[in-house]
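**Student:** Take this structure, written in structure tokens, and hold onto it; I'll ask about it next.
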Amino acid sequence: MCGIAGIVRWNSSPAEGRRGEVERMTKSIAHRGPDGLGFYVRDGVALGHARLAIIDPEGGYQPMSNRDESVWIIYNGEMYNFWELRAELESKGHNFQTRCDTEVAIAAYEEWGAECVKKFRGMFAFALADFKNRRMLVARDHFGIKPFYYRRGRDYFAFASELPALREVEDATPAGNLEAVEQYLRFQYVPQPQTVYREVFKLPPASHAVIDFDGRLEGPTRYWDLRFEPETGLADEEWEERAAAVIKDSVRAHLVSDVPFGVFLSGGVDSSLVASEMSRLLEHPVRAFSVGFREREHSELPYAEEVAKRCGIELHTEVVREDMLSILPDLVAHYGEPFGDSSAVPTWYVARLARRHVPMVLSGDGGDEGFAGYDNYARWMEASPLRRARASAREAAPRAALYWLRQAAGQYAARGTLNHLGEWQQKNLYFGDEARLALWRAEFRGLVGRGCEAFEEADRRARGLGRLSYAQYLDYQTYLPGDILTKVDVASMYHGLEVRTPLIDLRVVELAARLPARMRFRRNGSNEVTRKYVLKRLLARRFPEEFVRRKKRGFGIPRSEWFAEGQTGRKLWDEVVLDPESRLYEWFRPEAVREQMTAHERGPSDNSGALWLLVVLGIWLAQNPRVSFD
């Protein structure tokens, strides 16, 4: 796990004259790799690497080359099947000098070219310069666990693990992207491939691109896609055993390390399952890390403590208080663009806590997307016209049942599917359409009705799926890489901590996509819903029913309480958002901005999400006064 940065220039001075440029880019992300910096410059190409040594600390220095130095790579991530790939490559005549996966990636490229990424199981983002063929291959892992940002100028292609590094390119400050601001208000993050800058992009998950040294760009090209194809014919018990075996194998694969490690333990289903499996596989006690809040209704520390007690885990904890929001400006700067998931704050603190003890942890991220754990999946299923027709029939309401059947028939006739992107997006907005229309000044309101590329592309590929699979697929393509994985990557790598995600593993996810819907989302005779059904069945083998079946809480901060009068959140609102010099008012109506706090105080619904988005955006704008949105 590391940080990468680089640049390919054509029609300009040799790379040797550009070493300072790539050094600045790499040093700006040195926190990602506290174990050393490395550089290589040649023929208009400059590569930089900040190393966090997890596998083969003595032999894995980068940039790394093949034997004749015709191929050089900078690699961020971990390949969990690299020993199997190494054996296959050795059988084809390749020799290896190190024990690290980076060298395997080079040999895989030599053997299979750009198609090598289809062989990799893991998390990765890399750039590989092929000087013999005068081209560079860049790629990102199947799910977007590791980030890859790029900027294409008139005579260069620059890339990095974090957005701020691209500000170090010797060029004008990139122009701001106002459409990205509108998307941020909708979703609390900017979906790929867009960023807050018009000239800077995110390489989508499961994609690669080729940049010729003369400036031609091929791609990005998708090399893999998730297929939801539920299988039939197996009993529930057989699915449980399959899931248990695949998850055990994934956890074991993610434990390969030459340094000490631990686990993030929130006390929820997913992290408890991962921690429990680790305790079975390891001979020594697992070290776990958890944070909670003084506001007990938001804290899951008692559940983490219960897991630790039952599994013999060494638990380290910290309580996050509202005055700890003092780190917010620094955190906003590291994300590089407006990022509004407030759980980035406790993630930052639990990563800091863990890094005091270990350089690597496992986490339970991805269980909700793969096994249908979110509350909005239940709301989405309830809104189905076929579901409403069945419910009406059970309630002996034939006219209502007929109405909903006609609605379903009409929707299918019009769209060829019962899934509807607009309906799904409306259930996942963080700032509603009416509120955003009122917020923007009149000359900018046309932004509100525009589509979002990431969602529209995902919809095109998924509209024929069943209703639950459609929702999960869209989350895999948008929310998971854009929000969850971005949050964890930046908050953890801030501290030089590697986070591995065994539930976002190729084999685990492919199994989840083959599960019948009943094994993900089950309704009993009393019409009660059990989400993540198969994971809860596995967890129930070691924990009591009341632990497994309790209401989901998530990892959010006590946001509403922290915006109360006199609290730190409210002080940030007054200082940042209500500042009459704030750049927010270049686009937003002041009275509509003030109305957001009034709505929060008046209730009855919690409006702290909108307040948080405006605070973060205001901080980011103040930090970037040179970014023009003209």
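The values are calculated or read from the model by the stated rules, or taken from the named source; none is laboratory data. Only a predicted model underlies this, so the values are computations on that prediction, with no experimental measurement involved. Don't worry about glycine lacking a Cβ; one is built from the backbone with ideal geometry, like all the others, and counts go over all protein chains shown. Side chains are part of the model used for accessible areas, which takes the heavy atoms of the whole protein and leaves out ligands, DNA and RNA. Shrake-Rupley method; radii C 1.70, N 1.55, O 1.52, S 1.80 Å.
**Student:** If you restrict to DSSP beta bridges whose two residues both lie in the chain, what percentage is antiparallel, to the nearest 5?
**Tutor:** 80
**Student:** How about the stretch 488-558: which trypsin sites (Lys or Arg not before Pro) there are in a DSSP loop, with at most 11 other Cβ atoms within 10 Å of their Cβ?
**Tutor:** Answer in residue order: 541, 551.
**Student:** While we're here: So, in nm, how far is label residue 245 from label residue 10 when the simple model puts each one 7 Å beyond its Cα toward the Cβ?
**Tutor:** Distance between the two pseudo-spin positions: 5.0 nm.
**Student:** Note down the nm distance, to one decimal, between modelled labels 7 Å out along Cα→Cβ at residue 216 and at residue 91.
**Tutor:** Each label point is offset 7 Å from its Cα along the Cβ direction, giving 3.6 nm.
**Student:** Note down the nm distance, to one decimal, between modelled labels 7 Å out along Cα→Cβ at residue 546 and at residue 333.
**Tutor:** The modelled label-to-label distance comes out at 4.8 nm.
**Student:** Ordered by residue, what ³J(HN,Hα) values in Hz, to whole numbers, does the stretch 578-585 give under the Karplus form 6.51 cos²θ - 1.76 cosθ + 1.60, where θ = phi - 60° and Gly and Pro are x?
**Tutor:** Ordered by residue, 3J(HN,Hα) equals 7, 4, x, 8, 4, 6, 3, 7 Hz.
**Student:** Then there's this: Within the stretch 110-129, find all residues whose amide N lies under 19 Å from a label point positioned 7 Å from the Cα of residue 67 along Cα-to-beta-carbon.
**Tutor:** Under cut-off, by backbone N: 110-113.
**Student:** Roughly how many Å² is the accessible area per residue of the chain, as a whole number, for a 1.4 Å probe?
**Tutor:** Accessible area per residue, the chain: 39 Å².
**Student:** Got a number for carbon plus sulfur as a percent of the chain's accessible area, 1.4 Å probe?
**Tutor:** That share works out to 47 percent.
**Student:** Under the 0.36 nm per residue contour assumption, what length would be gained going from the current alpha-carbon distance of residue 423 and residue 282 to full extension?
**Tutor:** Value of the extension gain: 46.2 nm.
**Student:** Which lysines does residue 202 reach when only Cα atoms under 22 Å apart count, and residues fewer than 8 places away in its own chain are ignored?
**Tutor:** Within reach: 27, 118, 146, 487.
**Student:** Along the stretch 184-192, what does the Karplus equation 6.51 cos²θ - 1.76 cosθ + 1.60 (θ = phi - 60°) give for ³J(HN,Hα), rounded to whole Hz, x for Gly and Pro?
**Tutor:** Computed from phi, the couplings for the stretch 184-192 are 4, 5, 6, 10, 6, 8, 9, x, 5 Hz.
**Student:** Moving to a separate point now. If R₀ is 41 angstrom, what is the calculated FRET efficiency for the pair residue 453 and residue 565, using the beta carbon separation as r and rounding to 0.05?
**Tutor:** Result of the calculation: an efficiency of 0.50.
**Student:** Kirkwood hydrodynamic radius, computed over distinct alpha-carbon pairs, for the chain: how many Å, to one decimal?
**Tutor:** Result for the chain stands at 25.6 Å.
**Student:** Now for a different question. Ignoring everything except DSSP H segments at least 4 long, calculate the 222 nm mean residue ellipticity for the chain; use -39,500 (n - 2.57) per segment, divide by total residues, nearest 500.
**Tutor:** The helix-only estimate for the chain comes to -11500 deg cm²/dmol at 222 nm.
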